[in-house]
Structure formats: C-alpha cells, structure tokens
Amino acid sequence: MIKRGIQENGIVADLFHDGSGKPHKAIVLLGGSEGGKAWSSRGTRKVVDQLVNLGYTLLSLAYFKSPGLPPFLEEIPLEYFANAFKWLVNQPEVLPDELALIGMSKGAEAALLLASRNPKIKAIVALSGSHVVWRGIPKLGTKPESRLKSDWSYHGKGLAYVPYGNMSWNIGTIIGTLLYGKLRKIHEQALLNQSQVGAALIPVEKIQGAILLTSGKRDKMWPSTEMSEQITNRLIAKGFVYPYKHIAYDAGHNNYILKPACLQEIYGFLKENYPSV
C-alpha cells in the first residue's frame, strides 16, 4: 500500500492506494470532532489497509484542526469538500465517475449533507451520524453569550442548525458533561425545538445512492440511534428508491466501529452497492 500526504489546492489529506498504477473507485474518509486526518491514525489503519486490499483508493480528508485549515469546527465551507472531490477524481489512481463517503460522528453528519448535494456520491456509510446540522464547536474558553455558529457554511453563510443552549466552552464543563452523561441530554433537549430542527434537517431523500447507518444505543455523546431512525423514517416517508439500512449496536459512541461485526457490515455494504470491480 502507498500513502501520499496531500497539502495542495487548499486540501489537507492522505491518499492511500495499492500502487498498481491502475485507477480504482474512490472512498473519502471523514473523521469527527477530533479533527485532522482521523482515519490516518494508527487505530483505524486496519480499516484503511482492508479497503485498499479490497480494491479502493482512499482519501483521508481533514477539514479542520490541520495546517492551513480552520482551527475549530465552525462554519466549515462545503466548498472545501467540493474542491477535494474535484481534486480526487482527477488523480490517476481514481476512477472519476463515482464517489463513496465514510464518515463518523460529525463526519457522518457531513457525509449525509454532502451526498444530498452531490449526485456523484453513490454510497454513504454514516457511523453515529445525525439527521440535522448542529451548532459548531468553538474554541475552549468561548463564553456562552458569544455568537453561535453552524458546523457548516455555503457561499460564506452558515447553514441553518440546531443550537444546544448556552453551554460554557471551558475544559471543566466539557469533561463534566462527558463524565455525567449530560452531553447526550443537551442534544436531546435541543431536538425538542421542532422549528429549529425543521430548519436544520438534512434532505437525505435527495441522496442518489445507497446508505448504511450505524449507531450505538448507549451513545453518551448524542442520540445517534434515535437520529438514525429519524433518517430512515424520512427516507420511508419520501419514497427513497435506493438501498438503505440502519444497524443499532449495544454500544457507545463509535466504540463499535472497529469491531468485526461492524466492519463486515461496512465491507459487505460496499461490495453490494459500490463494488470495487
């Protein structure tokens, strides 16, 4: 396997391919609120290795918290992802006609949003994702009264989002919400505001490809199982014609992803809906 670090055209990523010189279908990998090139880390490299062995070219794409990119997950331009996709399909290691996305947590939110706007994306794996756009994650120390921002922007304007109260962004508050399971409750309470949720819904019915949703029933970060169910309910209501599936594991937030059962589901989904050959 060949790994090539990318920092050009404003893009920060790692490109993984088999070194054969032949073009393959591409999969873009999106991490979550940890930032950086999350899928390039040692912990997830076995997934990268396996996907390359299965015949895919991969782009582990950073979208914040990397040199030259925004330091915080606030109003990340959707144009950045479009630019990365355009760059990717012009690489000699890539077949240019289709793309697939695998995202976890905030990256799954991004993957569903991007796929709803790009018909070239033919397969989406959303790991612990969301049915709505959320408020961004500001710098530690940001005061509650500071201007709230969306996770994502388009044409310089933040997308409609669901806010989650006047949480103080200091390290003590954040650690406390995680330790006592309050972060999930903060998200659940925010989802009670129907008008804000309605404005921030991701139009998943516009996706022109297959969708695999996974979640952890004991997710303490946000209610990913319930949000994934909202996605499938919307797909049913809208008469979605492409394959879709939701698997809820007896697990927490993303700690099931590298388990054999989940990995086999991902690989099987891709083989059926986005075959490498």
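Read the figures in this text as sums done on the coordinates, not as results from a lab. Just so you know, these numbers come straight off a predicted model, no measurement behind them. Because the Cβ atoms are built from the backbone with ideal geometry, glycine has one as well, and the counts that use them run over all protein chains shown.
Quick notes on this one:
- Cross-link pairs beyond the 27 Å C-alpha cut-off, checked among 157/245; 122/259; 25/217; 46/157; 139/238: 157/245; 25/217; 46/157; 139/238
- The chain: equivalent-ellipsoid semi-axes (sqrt of 5 x gyration tensor eigenvalues, Cα, Å): 29, 21, 18
- Of 250, 151, 219, the one that fluctuates the most in a GNM where the chain has Cα springs shorter than 10 Å: 250
- Computed E for residue 271/residue 195 - FRET, C-beta separation, R0 35 angstrom, nearest 0.05: 0.25
- Counting only DSSP H runs of at least 4 residues, each contributing -39500 (n - 2.57), and dividing by the residue count of the chain, the helix-based mean residue ellipticity at 222 nm comes to -9000 deg cm²/dmol.
- For residue 236 and residue 82, the difference between the fully extended length at 0.36 nm per residue and the C-alpha to C-alpha distance is 52.6 nm.
- Rounded Å value of the spacing that divides the Cα centres of segment 201-277 and segment 14-57: 19 Å
- Cut-off 18 Å (backbone N to label point 7 Å along Cα→Cβ of residue 245), residues of segment 115-133: 122-129
- Peptides ranked, highest mean first, by Cβ atoms within 10 Å: ranges 98-110, 12-24: 98-110, 12-24
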